[in-house]
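See structure below.
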Amino acid sequence: MPKVRQDAWSHEDDLLLAETVLRHIREGSTQLLAFEEVGDILNRTSAACGFRWNAEVRQKYEQAVELAKKQRKEKKRNEAKQQPLLQRQHKPVVYQAEKQEEDILLPEPSKAPVIQQEETGHSGLQLEDVIEFLTSLQKETTASGNIQHQFSQLEMQNQELLEQNKYLNSQLESMTEDYQALIQIMDRARKMVMLDEQDQNYKPQFLMEKNGNLENVAR
């Protein structure tokens, strides 16, 4: 049964891919074998695993890859010390061949689909890999469009709130002026009432002078 999967990669899938690739590097194996191993577990093609590693996962494990390469070199040196002198002389040639194989199989990470060559010499990139890449790209484009739409709506709501706030501030200023005018009117009315009361309480008092004239003495 052919391996055909179009679902997205989960965090656990990426973690399994990274651990398997790092283990193969430490053990002196090729990363292509690591892709095939992960593909058998996840029911994906080795090309899909290689594309996922180069495009997304590898950049998160650069330091771990360098450490795994150092461990591989250390392991090869230890093995070389235990082998006869003749085999030890041929060891750098073998290591150089493995290094060249690794450089050919694993180009630098790229966001575009990477066509990798299988051991048989045929292209490992299949139709489902392209479909998977385009599907993920479409999801990212749709998500970006939704975010842009939400941002536009928020800008419109913010503009409406600014207009409402401006209108309410103008209303508040008008009400404040009316309130101050009302206070002034009430104050003038109170003073007028107090003057009227004083006039009503005023009672004139007269004093009879010797010549018979009346003089107002209560003022």
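Would you mind computing, in nm to one decimal, how far apart the modelled labels at Met186 and Gln83 are, each placed 7 Å from Cα along Cα→Cβ?
10.4
Want the number for Glu177 to Gln153: 0.36 nm per residue separation, take away the alpha-carbon distance, what's left?
That works out to 5.0 nm of additional length.
If I take R0 = 35 Å and measure r between the Cβ atoms of Lys73 and Asp40 in this structure, what FRET efficiency does the formula 1/(1 + (r/R0)^6) give, to the nearest 0.05?
Rounded to the nearest 0.05, the efficiency is 0.80.
Between the stretch 9-49 and the stretch 144-193, what is the C-alpha centre distance in whole Å?
With the stretch 9-49 and the stretch 144-193 each reduced to a Cα centre, they are spaced 64 Å.
Every number in this text was worked out from the coordinates using simple rules, so none of it is lab data. These figures come from a predicted structure and were not determined experimentally. So basically every Cβ, Gly included, is an ideal-geometry build from the backbone, and we count neighbours across all protein chains shown.
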